[in-house]
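A short worksheet on the structure shown next.
What follows draws every value from the coordinates through simple rules; no lab data is involved. Predicted model only: the values in this text are computed from it and were never measured. Glycine gets a Cβ as well: all are built from the backbone with ideal geometry, and neighbour counts include every protein chain shown.
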Amino acid sequence: MGLIVQKFGGSSVADAEKIFNVAGRVTDAYNAGNQVVVVVSAQGDTTDDLIEKANEINPNHSKREMDVLLSVGEQITISLLAMALEKLGYPVISLTGWQVAMHTDRNNMNARIKHIDTQRLQSELDQKKIVIVAGFQGINRYNDITTLGRGGSDTTAVALAAALNADLCEIYTDVDGVYTTDPRIVKNAKKLKDISYDEMLELASLGANVLHNRSVELAKKYNVALEVKSSFEKIEGTKVREVGNVEKMLVRGVTRDNNVARISVVGINDTPGKAYMLFNLMAKYNINVDVILQSIGREGTKDISFTVPRDHVEEALQILNEQIENLEAKEIKHADNVSKVSIVGAGMASNPGVAAKMFEALYEAQINIHMIATSEIKVSVLIDEKNAEKAVAAIHDKFFNN
Ligand code: ADP
Ligand code: ASP
Ligand code: MG
């Protein structure tokens, strides 16, 4: 007995039958004597459909109005699930982000949770109610609606678990756990029994969308016991927790991220301060820079290449072209058709052969590498997008089927 936060993603609540399936999961936990807070996402493709509707009317819409629109999806699901539970005879109440109140910063469409008032939640729980909260949404300090970025309902759930000091946060989805790679791409991907916060954070940040990366960040920070499991099958999932007794494996997962683009600033003067000027510009406009490569200076000039999220490439190019004279660069080039493929594993820090093994897999598959980046627990390569799935399969095969 305790307090459990359960989160159900879009495909788990897609229709009436699935909503009743979720209701079953919720009442199981409630009947076992737990206090239950449920977080739900918008049904099926609702969020994508809303985005499409907005673009039909005005592709240059403001982020504020987009958030007013996007928050509707989750509001539909909370009411429907509450009605299902009412039908089954359970005491229940649904709450939107502002009713909770889930306070965020002002960054529309990618807001961060700042704090959560738990008073209302607590009083509903004290009245023995099942509390259903709309995922992915909050309010800023002007009481305007914000959303947390795609996939953000996971973050709502973990933030609630942290704020309420829950005993467990269960993320129910359409796969039965976290796998060594996306099981929809690689059929023989293996399910992990458990994974450390740091490894899961890297996987999520590098493209494994099974968990929103900020949810993992929060879970680590507040030591929330997190489990990813199936909405449909009653089997054990994957536990995300502090290292210690996690399975010993050199590499834990392979991911790919197609939301990347490469920018090359060609022929910059080979003098001190140019990298500073360049990346300071990107920082000033809040553009995340990832893999960076600088060529050796030749005849007084050098090239600097780096990656940015693909949805920011136009903005980055505009800024750089405006500053091309200050940068003393000859040309700004870019490529959109690239993909970042990564391996993640805490064990690789002390094992020098891991990167070579990844490159061997790529060589055997005859896939060319454009850029490489490494950290203590990951190796990423930038390759042509058309080769991404083949690369993931080849690398996965090398590490997990040999
Ligand atoms: P939800 O709507 O429940 O939030 P998501 O689509 O956001 O579900 O996340 C689940 C999906 O994540 C799975 O269907 C799977 O295709 C994908 N995925 C990507 N990488 C992995 C991985 N390493 N392990 C499990 N699932 C993964
Ligand atoms: N409905 C939102 C999305 O599709 C949030 C979520 O599903 O977590 O991104
Ligand atoms: Mg998700």
How would you rank 250-258, 8-16, 345-353, highest first, on the average number of other Cβ atoms within 10 Å across their residues? 250-258, 8-16, 345-353
Angle between the Cα long axis of helix 274-284 and the longest principal axis of the chain, 0 to 90 degrees, nearest 10? 20 degrees
Where the centroid of each part is defined by its Cα atoms, how far is the stretch 185-239 from the stretch 116-155 in Å? 22 Å
I'd like the distance between the alpha-carbon centres of the stretch 1-33 and the stretch 264-295, rounded to an integer number of Å. 48 Å
Going highest first, how would you order 359-366, 264-271 by mean Cβ packing within 10 Å? 264-271, 359-366
About its Cα centre, how strong a charge dipole does the chain have in debye, to the nearest 20, once Lys and Arg get +1 and Asp and Glu get -1 at the Cβ? 700 debye
Residue-count net charge about Lys229 - beta-carbon cut-off 15 Å; Lys, Arg +1, Asp, Glu -1: -2
Which residue, chosen from Ile332, Ala361, Met348, occupies the Cα position most advanced towards the positive end of the dipole of the stretch 325-364, where the dipole is computed from +1 (Lys, Arg) and -1 (Asp, Glu) charges on Cβ about the Cα centre? Met348
Does anyone have the angle between helix 353-364 and the longest principal axis of the chain? Alpha-carbon axes, 0 to 90°, nearest 10? 80 degrees
Bridge type composition, the chain - antiparallel percent by DSSP, nearest 5: 60 percent
Karplus 3J(HN,Hα) series, Hz, for the stretch 304-313 with 6.51 cos²θ - 1.76 cosθ + 1.60 (x for Gly, Pro): 10, 10, 7, 10, 9, x, 4, 6, 10, 5
Could the peptides 25-33, 77-85 be put in order, highest first, of the mean number of other beta-carbon atoms found within 10 Å of their residues? 77-85, 25-33
Could you tell me how far the Cα centroid of the stretch 44-62 sits from the Cα centroid of the stretch 350-402, in Å? 36 Å
Let me have the 222 nm mean residue ellipticity of the chain computed from DSSP H runs of 4+ only, each contributing -39500 (n - 2.57), with the sum over all residues rounded to the nearest 500. -11000 deg cm²/dmol
Using a ≥ b ≥ c from the Cα gyration tensor of the stretch 185-255 (square roots of the eigenvalues), is it rounded, prolate or oblate, where a/c under 1.5 gives rounded and otherwise the larger of a/b and b/c decides, a/b for prolate? rounded
Taking N as the number of residues in the chain, the ratio of its alpha carbon radius of gyration to 2.2 N^0.38 Å works out to 1.06
Kindly provide the GluC sites (Glu not before Pro) of the stretch 1-78 that DSSP labels as loop, not H, G, I, E or B, and whose Cβ sees at most 16 other Cβ atoms within 10 Å. none
Please tell me the relative contact order of the chain in percent, rounded to the nearest whole number, where contacts are Cα pairs under 8 Å and at least six residues apart. 13 percent
